[in-house]
1. Once the dipole of the stretch 146-262 is set up with Lys and Arg at +1 and Asp and Glu at -1 on Cβ about the Cα centre, which of 159, 200, 253 lies farthest towards its positive end?
2. Taking springs between alpha-carbon atoms closer than 10 angstrom, which of 18, 263, 187 fluctuates most in the Gaussian network model of the chain?
3. I'd like the distance separating the alpha-carbon centroids of the stretch 113-191 and the stretch 57-94, in whole Å.
4. Find, among the GluC sites (Glu not before Pro) in the stretch 214-271, those assigned to loop by DSSP (not H, G, I, E, B) with at most 13 other beta-carbon atoms within 10 angstrom.
5. With an 8 Å Cα cut-off and a minimum separation of 6 or more residues, compute the relative contact order for the stretch 146-262 in percent.
6. Give the relative contact order (percent, whole number) for the chain; include only Cα pairs under 8 Å separated by 6+ residues.
7. Residue 36: which lysines have alpha carbons under 19 Å from its alpha carbon, excluding same-chain residues fewer than 8 sequence positions away?
8. Kirkwood-based Rg over Rh for the chain (C-alpha set), two decimals?
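Please treat every number below as a calculation from the coordinates, not as lab data. Source: prediction; values computed, not measured. Cβ atoms come from the backbone with ideal geometry, glycine included; neighbour counts cover every protein chain shown.
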Amino acid sequence: MKGLSTDEILSIGLKLADMAEVPLDSGIHVPGEYIKRFILAMDVNVGLLHMAKQMGFDAVVGHHPCGVLLQRGEVYRRHIDLLEMYCIPRGKSMAALSESIDTIVRRMENNRFRMLHHECPNQTVLEVDAARMLNLPFMNIHNPFDEAGRRILQLKIDAAASKNPHWKLKDVLALIENLPEARYAKDVYGISPRLFIGDPETEASKVVFVHGALSAPHPAIIKFYWQNGFKTVVVLHGEFENLEKLRMEKQGNLILTGHFLGDSLGLTPFIRAIRQRGLEVACMGGIIDIQGYE
Ligand SMILES: [Fe+2]
Ligand SMILES: [Fe+2]
């Protein structure tokens, strides 16, 4: 086995989400080939790169965006695409949300322009420079895994809802808790999904998993789903103040999967595909490796 190149690893990731182009939050920062074993980590820093080199790994693949990727914020606009996929007309979403989304995208672009480490730890040029000096191939794949994970959980949600149209919030929570990634997140990290807003005995009605647009939706997007027929919104996580405000307003139901669980849903098929090609992959830093755990 001669191993894979960084390009080949990236195309395996893209294929999982049927993507033809590399999204702006993903990229190969230090290319390489003949990769037979690599570390897969949620976030990558200089220490991790050094450890990988010392332990004889051929590459490091991160999930969250690394390196410059100045325009990564653009991927946040995908929230409008997600709304459209969930049958909310584009014009209506744009009228309600385009201004707030635009502000968020421009704020992120400014952060990248400023390159202040405390604003974006592990997202500077330092990691890329270190990988280059270590002669260690380094890349990150973000949106394809998030999109793949969104599809996986939404399909499960839709299947469960069609079997039991009057299902309750506690049933939605149970569905998430029974995912193999959830069992691992609970046993290994002690983190479980939460019913954040809503009574467990309430009917869930229409349930949407909002994931795959760079980061979790801001409150206006969550409320927009509530106002457009989705009584129950599932997201990975949210900022404390935003969640508190939403809880006070109580306009709909909100379930939090937890970050590691939610992100790992789309990584599981990638890990499987990589191992099928004969490569060795070591998962770290929140990426859940369910093989041998199910
Ligand atoms: Fe993610
Ligand atoms: Fe994430």
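1. 159
2. 187
3. 13 Å
4. When the GluC sites (Glu not before Pro) of the stretch 214-271 are filtered for loop state and at most 13 Cβ neighbours within 10 Å, 239 remain.
5. Rounded, it is 30 percent for the stretch 146-262.
6. Working: 527 pairs, mean separation 69.9, N = 294.
Reported as a whole number, the value is 24 percent.
7. The qualifying lysines are 2, 53.
8. 0.97
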